[in-house]
Ligand SMILES: [Mn+2]
């Protein structure tokens with residue numbers, strides 16, 4: 001079933017006649033339109049895309065099969081006209097996206113029918129990647145892998161975290177990334193205990209650990225990889241913690257499979273680190289879905305009872321963070337297969353390959 005059919009089935013099944021999509025990622029997912037402004041209206045029969053003059057030409061090329069309406073007034077006025085023209089009654093809106101201000105304006109300009117705040121009907125469909133999405137994700141991951149291989153050669157004591165982030169970002173752009181998947185994290189020495197320590201002007205010294213968490217966007221799709229490198233020979237404690245984090249990740253990667261809940265997968269790594277005495281040092285979820293967003297469903301956390309299915313793409317990223325000492329995180333991107341998973345990211349991660 002194609003994307004639109006799945007999403008239609010979802011909202012029609014909830015008794016809605018139409019759904020209006022304002023989220024840029026949903027607009028892109030459902031229509032292929034990559035412009036920055038506009039919205040979609042799906043009904044049982046119709047596929048309508050509204051965007052402004054700037055995209056007049058682009059939308060015709062990208063949003064194949066959609067009826068294009070040029071936005072010549074405010075979105076609420078234009079939606080009002082569409083609702084009147086098609087006589088729509090029960091109209092869904094993405095409740096996790098539309099602001100109260102937008103909702104009020106839409107309501108005031110609604111000639112008939114009723115607006116309803118509904119859970120985004122694309123989330124379920126977007127959680128399971130189709131063949132086209134998997135191709136794009138593989139490319140986004142491949143760019144990040146190449147980026148890592150470059151930065152591993154480039155990194156040495158004396159550079160600042162910012163210099164490393166810039167070099168990595170520039171390199172990934174040059175080999176095909178449309179942008180970075182998020183603000184690049186380069187956290188060295190004691191700063192590596194900050195799970196989200198974005199790059200600063202701190203100079204990297206010999207003997208320090210450096211955690212680099214980065215990704216590329218390729219045609220809208222995000223990759224997300226983390227490696228912790230050692231500048232010079234690691235201490236016994238650094239080795240020990242690195243091996244434990246790697247073992248926790250290996251346990252998760254070897255056992256993750258469709259039919260398990262997200263909580264069960266999270267537990268694989270968490271229970272191991274807990275038994276090694278590092279339970280309290282692993283304070284975030286094991287991973288998250290990646291796709292048109294850098295963080296999306298399914299989230300691998302102890303609170304998520306979602307059952308994993310083939311085609312889901314998630315990160316697996318256990319970490320141990322010790323305030324004042326530093327931290328280690330190892331993150332790969334995987335696609336769920338019928339019997340387990342395929343690890344998409346190929347960057348090396350044995351301890352010996354992390355020593356510079
Ligand atoms: Mn991540």
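Derivation of every value follows stated rules applied to the coordinates shown; laboratory data play no part. Predicted, not measured: the structure shown is a model, and the values here were computed from it. All Cβ positions, glycine included, derive from the backbone under ideal geometry; neighbour counts span all protein chains shown.
Listed by Cβ neighbour count within 10 Å, with the fewest neighbours leading, 171, 321 appear as 171, 321. Computed from label points 7 Å out along Cα-Cβ, the spacing between residue 12 and residue 52 is 3.4 nm. Give the relative contact order (percent, whole number) for the stretch 170-287; include only Cα pairs under 8 Å separated by 6+ residues. So the answer I get is 18 percent. Once the Cα atoms are used to define both axes, helix 3-13 deviates from the longest principal axis of the chain by about 60 degrees. Between the Cα long axis of helix 236-255 and the first principal axis of the chain there is an angle of about 40°, rounded to the nearest 10. Neighbour counts of C-beta atoms inside 10 Å place 312, 116 in the sequence 116, 312, starting with the fewest. For the stretch 220-302, averaging the sequence separation of C-alpha pairs within contact (under 8 Å, six or more residues apart) and dividing by the residue count gives a relative contact order of 35 percent.
For the options 85, 243, 208, a Gaussian network treatment of the chain with springs between C-alpha atoms closer than 10 Å singles out 85 as fluctuating the most. Averaging Cα coordinates gives a centre for the stretch 185-217 and one for the stretch 248-269; these two points are 27 Å apart. The calculated 222 nm mean residue ellipticity attributable to helices in the chain amounts to -11000 deg cm²/dmol, summing -39500 (n - 2.57) over DSSP H runs of n ≥ 4 and dividing by all residues.
Cα centroids of the stretch 63-129 and the stretch 278-342: 33 Å apart.
Each 5 Å bin from 0 upward holds the following percent of the Cα-Cα pairs of the stretch 76-190: 2, 9, 14, 11, 9, 8, 9, 10, 10, 8, 5, 3, 1, 0. With the Kirkwood sum run over all distinct C-alpha pairs, the stretch 3-126 has a hydrodynamic radius of 14.3 Å.
Axis of helix 262-275 versus longest Cα principal axis of the chain: the two differ by about 20°, to the nearest ten degrees.
Taking every DSSP beta bridge that has both ends in the chain, the antiparallel portion is near 75%.
With a simple spin-label model that places each label point 7 Å from the Cα along the Cα-to-Cβ direction, the separation between residue 236 and residue 194 comes to 3.1 nm. Modelled label positions at residue 130 and residue 203, each set 7 Å beyond Cα in the direction of Cβ, lie 5.4 nm from each other. With only the Cα atoms considered, the chain has a convex hull volume of 144 Å³ per residue.
Counting other beta carbons within 10 Å of each residue's own, what order do 139, 104 fall into, fewest first?
With the fewest neighbours first, 139, 104 line up as 104, 139.
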